[in-house]
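The structure appears below as structure tokens.
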Amino acid sequence: MTIYSIADKVRTGARIDAGEALSFVPRRSDHAPRPAGRSRARTEASRTHRQLHHRPQRQLHERGVAKCNFCAFYRPVGSAEGYVLGFDELFRKIDETIAVGGVQLLLQGGHNPDLPLSWYEDLFRAIKDRYPSFKLHALSPPEVIHVSRLSQLPVPQVLERLIAAGLDSVPGGGAEILVDRVRTLLHCVGKATADEWIDVMRNAHRAGLRTTATMMYGTVETDEERIEHLLRLRALQDETGGFTAFITWSYQPDHTELAGTEATGVDYLRTLALSRIVLDNFDNLQASWVTQGGKVGQLSLAYGANDMGSVMIEENVVRAAGASYCMDEVEIVRNIEDAGFVAKRRNMHYELLGDPIFREREVPRMLELATAREEGDVSVPEELLKYPARSRAGKQLRIIPN
């Protein structure tokens, strides 16, 4: 079957299989995609375009101890560079987010052995008590699994308790490549196998939560394994319909144990276009301008993306690996409109919220990303002291009430 006949098949709305998907992928020995494959992938991906979206969001991460060799953000237990944000710190960040039109907090942390399930429940309830309509997009599947292991409760019960406390949706982090050979080489199979990641998302969807899905490529995986990842997501979406969007980004090698080189922007656009073709049951694909920069983010809109993602006020993980791109709402909207599309705000469920905030009222320009904490701040939140710790370092900081 030629790539042209496969393209004709895609145009009729028929589903392609793994072998057909591989036809759109250039050989790794090539220095650039084969012209036919690249142009066909782009053409077919662009046919599926929809309304362009963005959303204001703050993305918070707390340093943790899952030691994946592709991550520059983790810190070992007891490290002076590790931190846990206090409730009041989070409240201030939410206030800042709401002030610029934000509606959601993306909250992810490391696998901290000293934060029990009750800490997350109390935090979520405190946020919802103070900000009833503010959305909590929190805890990726590996974090849910971590909390499940700490609490010795099954994943469905952990999700049930988190939902009762205020969890609104689950981010798709920690997927990397959903193939255990790859996950073993990346030292992340212990935090979640491919089946375990899928199972958390399945249970989240069954519990009524909507989630996103991700793929980090460009480490040790083969082209076939990238496609296997996409097909696993497509199969679960067929089963549950619970994914709202897919986001792919390239591995960021700086300051990581794995090291290596970053995939090119061409490889990103090719991967994005292929994702749009394979994931025929995903309505939305986000452009990863956070890792690729604004101009490649803009180009993404011609390669299958229909969403510029978040107006990110704060980001810590990707920046630790060397990427520090920042675009506020004004710049994101400019990129969307210069590409010939109409920009609309939306929420995590892709319900339209209206026109850009800066066209409704004055909003301060944001020219650089905020940080979680000022450098050198090693303070310990007072409320943390009432939760039991498991690590030796954590126990030294706790006062356990009788």
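The values are calculated or read from the model by the stated rules, or taken from the named source; none is laboratory data. Bear in mind the structure is a predicted one, so any value in this text is a computation, not a measurement. Cβ coordinates were reconstructed from backbone atoms using ideal geometry, including for glycine residues, and neighbour counts include every protein chain displayed. The accessibility values were calculated without ligands, DNA or RNA, using every heavy atom of the protein model including side chains. Shrake-Rupley method; radii C 1.70, N 1.55, O 1.52, S 1.80 Å.
Across the range 263-286, what is the total count of residues that are in a loop (DSSP other than H, G, I, E, B) and at pLDDT 95 or above?
Residues that pass the stated criteria total 6.
Which one of 169, 151 is under 18 Å from the mean Cα position of the chain (by Cα) and among the small types (Gly, Ala, Ser)?
Testing whether each residue is under 18 Å from the mean Cα position of the chain (by Cα) and among the small types (Gly, Ala, Ser) leaves just 169.
Within the range 389-400, not a single residue is at pLDDT 85 or above, over 25 Å from residue 92 (Cα atoms) and either in contact with a Gly (Cβ under 9 Å, 6 or more places away or on another chain) or outside any loop (DSSP other than H, G, I, E, B) (or both). Any chance the range 241-262 includes a residue that's closer than 21 Å to residue 198 by Cα, of a type in the set (D, E, K, R), open to solvent by 20 Å² or more (accessible area, probe 1.4 Å) and assigned to a loop (DSSP other than H, G, I, E, B)? No: zero hits. Determine, yes or no, whether residue 137 is of a type outside the set (A, V, I, L, M), closer than 25 Å to residue 380 by Cα, touching a residue at least 40 places away in the same chain (Cβ under 8 Å) and touching a Ser or Thr at 6+ places or on another chain (Cβ under 8 Å). Yes; evaluated as a whole, the condition is true for this residue.
Tally the residues that are in a loop (DSSP other than H, G, I, E, B), within 16 Å of residue 233 (Cα to Cα) and either acidic (Asp, Glu) or touching a Lys or Arg at 6+ places or on another chain (Cβ under 8 Å) (or both), restricting the search to the range 150-191. Matching residues across the range 150-191 total 4.
Number of residues in the range 142-186 that are of a type in the set (S, T, N, Q), open to solvent by 10 Å² or more (accessible area, probe 1.4 Å) and within 29 Å of residue 130 (Cα to Cα) equals 3. The requirement of being modelled with pLDDT under 90, within 30 Å of residue 210 (Cα to Cα) and open to solvent by 40 Å² or more (accessible area, probe 1.4 Å) is satisfied by residue 319.
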